[in-house]
Amino acid sequence: MRKVAVVGAGMTKFMRRAQETGKELAWETAKLALDSCELTVKDVDCVVMGTAPDAFDMVHMKHEYLSDGAGAWRKPYVRGVLGGGTGVFTACQAWYHVASGMFDVCLAVTEEKMSSCLPHPQGAFVTCWDQFTESPLGTSLLWFFAWEMNRYMTSHGITEREIALVSVKNKKNALHHPCAQLPGEITVDDVMKSEIMAWPVKRLDVSPTSDGAAVLVFASEEVAKRITDRPVWVQGVGWCLDTMYIGQRDLYYPKYVEYAARMAYDMAGIKDPRREIDIAEPYDPFSYKELHHGEGLLLCDKGEAVRLLVDGETQKTGRQPWCPSGGALGVGNAIAATGVMKVAELFWQLRGEAGERQVPGRPRRGVAQAWGDEMQVGTVVVLGV
Amino acid sequence: MSEKIKSWPGTPLGEKEIKEKRILVTEWQPNLKYAWDTGAGYGRDFAELKKGKIVGTKCNKCRRTLLPARLFCEWCFRTADEWVYLKDTGTVNTFSVAYTGTAAERLKVPRIPALIEIDGSGGVAIMHLISDVDPWKVKIGMKVKAVWKPKQKREGAITDIDYWKPI
Ligand SMILES: [Zn+2]
């Protein structure tokens, strides 16, 4: 397989509600990403699209609707859907389009417009459960996260206050992200006092719903070396799906993330991710998820992520910063676009272009991860310079 | 190039713009109706629920109980061997005290959704609701028992179990 580089990135602000249509968001961002590496749509050989459930917009086959904004016409075009795991998978998909040797430049476009769904996009999930054994119970998406957080906390003896530190850290990191929707200086007490959504999940443990788009440009080694002196290489990709029967896996640990991570690390030649990875962007739609996913990414032992957090090791200035972008909790959670926002953060950090968010010590390798489908898919990308 | 990009696309709108109709929107409310066949596996499952019994299937290769009952073992990738009756008691694997409903609306009275490991299944859990208890007294590991709807009200659905109650 050929070497593949990320050579350009762009994103919109993440917003509770954008005036722009999804198509316009896709177009503005695709143009921004191409401009960032001085390419035009004519240089693009193929396009991959990542956008999560059609039900958010109720535009069926949304990838078709978004295709002109994505620059896809008269080009090979495909959409991959892995629910919340879509964004990082879109990067995996772009990678294999180029690595295969079939295409030299691939545009990876992700877009989400969650605000169209009234009164709340959570209602759009009503048909994604088993229609016989789950939906009739009046299932809410939040139940899943609450169950998982409770199981995770109870299995390891972790407290809600400790988990709240993730929200505090990420919202603070997001203060320096120009596209952030909910940055802020908050305290553990603020999180604890915020209203209970589905205990143990409280409002400030949850990322906001967002409208937004994020785009990456992938290129073959030959093209990358021609157009930039600072390519960021895709060193590893991985993805894995676990059982959909939620009662048949123990929620305390995301095994599917571990499998996806092992696939990516093997490809990257990483033996000890704790030492060989400088920055991580685990998916953090909920505060506990950053810890849960960090463990699945083998960045610490099971149940130990909270120690790294409390000891400051995952802070921006710590030994291995987690979510220096501000994550979904701070920047916002435009599902598929958030996955790509995380990969874009690695790209900017590894090039030393992250401005006030730049982590010290010239990071050389990072991992980004997303999670989704029926809460049992892991998608992982390792980038390095 | 985060540092080099000076202007980021996107025009955020607030609640005000929407409420005051300062932006144009086109609204549509779908009115669709579907009938989903239960299939052979769930069909038997629900017929048993109507009788007040919880049933699973068993794979004799990996010795797992398959619950909800289904016709094939997805790990061994072979047909399940037999139907097995399980108890209507179990253990709380995990739970929530939920103040939000399906569309994220606030609930005055919280619901207690839980994963319940069914006795006799070897620790396999199903999704259901706990009730008739102070929500803040529920614990992981608590024993619970199914409270069935009266016979005449059962319709062959997961909701034929009204809720689960601590014992
Ligand atoms: Zn089996």
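Rule-based calculations on the coordinates, nothing more; no lab input. Computed from a predicted structure; not experimentally measured. Note: ideal-geometry Cβ built from the backbone for every residue, glycine included; neighbour counts use all protein chains shown.
So for region B:133-142 (the condition being within 18 Å of the chain's Cα centre (by Cα), within 22 Å of A:TYR245 (Cα to Cα), within 16 Å of the ligand (Cβ to nearest atom) and surrounded by fewer than 19 Cβ atoms within 10 Å (Cβ to Cβ)), does at least one residue qualify? Looking through region B:133-142, none of the residues is within 18 Å of the chain's Cα centre (by Cα), within 22 Å of A:TYR245 (Cα to Cα), within 16 Å of the ligand (Cβ to nearest atom) and surrounded by fewer than 19 Cβ atoms within 10 Å (Cβ to Cβ). The residue that is nearest to A:ALA354 (Cα to Cα), counting only those in region A:276-296 that are charged (D, E, K, R) and in a loop (DSSP other than H, G, I, E, B), is A:ASP278.
Answer yes or no: is there a residue in region A:168-183 that is under 24 Å from A:VAL88 (Cα atoms), of a type outside the set (D, E, K, R) and more than 20 Å from the chain's Cα centre (by Cα). Before you say what the answer is, go through the steps one by one.
First, the residues of region A:168-183 that are under 24 Å from A:VAL88 (Cα atoms): A:169-183.
Filter again for of a type outside the set (D, E, K, R), leaving A:170, A:173-183.
Among the residues that remain, those that are also more than 20 Å from the chain's Cα centre (by Cα) are: none.
No, region A:168-183 contains no residue that is under 24 Å from A:VAL88 (Cα atoms), of a type outside the set (D, E, K, R) and more than 20 Å from the chain's Cα centre (by Cα).
Using the structure shown, decide if A:LEU66 is in contact with a Ser or Thr (Cβ under 7 Å, 6 or more places away or on another chain), within 28 Å of A:HIS120 (Cβ to Cβ) and within 14 Å of another protein chain (Cβ to nearest Cβ).
Working: in contact with a Ser or Thr (Cβ under 7 Å, 6 or more places away or on another chain): yes; within 28 Å of A:HIS120 (Cβ to Cβ): yes; within 14 Å of another protein chain (Cβ to nearest Cβ): no.
In short, no.
In region A:302-320, which residue that is of a type in the set (Gly, Ala, Ser) and crowded, with 16+ Cβ neighbours inside 10 Å is nearest to the chain's Cα centre (by Cα)?
Taking region A:302-320 and keeping what is of a type in the set (Gly, Ala, Ser), we get A:303, A:305, A:312, A:318.
Right, trim to crowded, with 16+ Cβ neighbours inside 10 Å and you get A:303, A:305, A:318.
Values: A:GLY303: 22, A:ALA305: 19, A:GLY318: 21 Å.
The selected residue is A:ALA305.
Considering every residue within region B:47-69, establish whether at least one is at positive phi and surrounded by fewer than 20 Cβ atoms within 10 Å (Cβ to Cβ). Don't jump to the end; show me each part of the working.
The initial filter retains those residues of region B:47-69 that are at positive phi, namely B:52, B:63.
So of that shortlist, the ones also surrounded by fewer than 20 Cβ atoms within 10 Å (Cβ to Cβ) come out as B:52, B:63.
Checked against the condition, which is being at positive phi and surrounded by fewer than 20 Cβ atoms within 10 Å (Cβ to Cβ), region B:47-69 yields at least one hit.
Of all the residues in region A:175-210, those that are in contact with a helix residue (DSSP H, G or I) (Cβ under 7 Å, 6 or more places away or on another chain), of a type outside the set (S, T, N, Q) and within 12 Å of chain B (Cβ to nearest Cβ) number 11. Residue selection: A:GLU38 satisfies the criterion of being more than 21 Å from the chain's Cα centre (by Cα) and more than 10 Å from chain B (Cβ to nearest Cβ).
The number of residues in region A:4-34 that are outside any loop (DSSP other than H, G, I, E, B), charged (D, E, K, R) and within 9 Å of another protein chain (Cβ to nearest Cβ) comes to 3.
A:LEU299 - would you say it is in a helix (DSSP H, G or I), aliphatic (A, V, I, L, M) and either farther than 28 Å from A:THR110 by Cα or under 22 Å from the mean Cα position of the chain (by Cα) (or both)? Before the answer, list the steps.
Working: in a helix (DSSP H, G or I): no; aliphatic (A, V, I, L, M): yes; either farther than 28 Å from A:THR110 by Cα or under 22 Å from the mean Cα position of the chain (by Cα) (or both): yes.
It is false that A:LEU299 is in a helix (DSSP H, G or I), aliphatic (A, V, I, L, M) and either farther than 28 Å from A:THR110 by Cα or under 22 Å from the mean Cα position of the chain (by Cα) (or both).
Hey, among the residues in region B:98-121 that are aliphatic (A, V, I, L, M) and not in a loop (DSSP other than H, G, I, E, B), which one's farthest from the ligand (Cβ to nearest atom)? Checking each candidate, the answer is B:VAL109. The test for being touching a Gly at 6+ places or on another chain (Cβ under 9 Å), within 24 Å of A:THR51 (Cα to Cα) and either without any contact (Cβ under 8 Å) to a residue 40 or more places away in the chain or surrounded by fewer than 18 Cβ atoms within 10 Å (Cβ to Cβ) (or both) does not hold for A:LEU216. Quick check on region A:143-157: of everything there that is surrounded by fewer than 24 Cβ atoms within 10 Å (Cβ to Cβ) and within 7 Å of another protein chain (Cβ to nearest Cβ), which residue is farthest from B:LEU129 (Cα to Cα)? So, considering only residues that are surrounded by fewer than 24 Cβ atoms within 10 Å (Cβ to Cβ) and within 7 Å of another protein chain (Cβ to nearest Cβ), the one farthest from B:LEU129 (Cα to Cα) is A:THR154.
Selection of region A:161-179 for residues being among the aliphatic types (A, V, I, L, M) and either over 30 Å from A:GLU28 (Cα atoms) or surrounded by 22 or more Cβ atoms within 10 Å (Cβ to Cβ) (or both) yields A:ILE163, A:ALA164, A:LEU165, A:VAL166, A:VAL168, A:ALA174.
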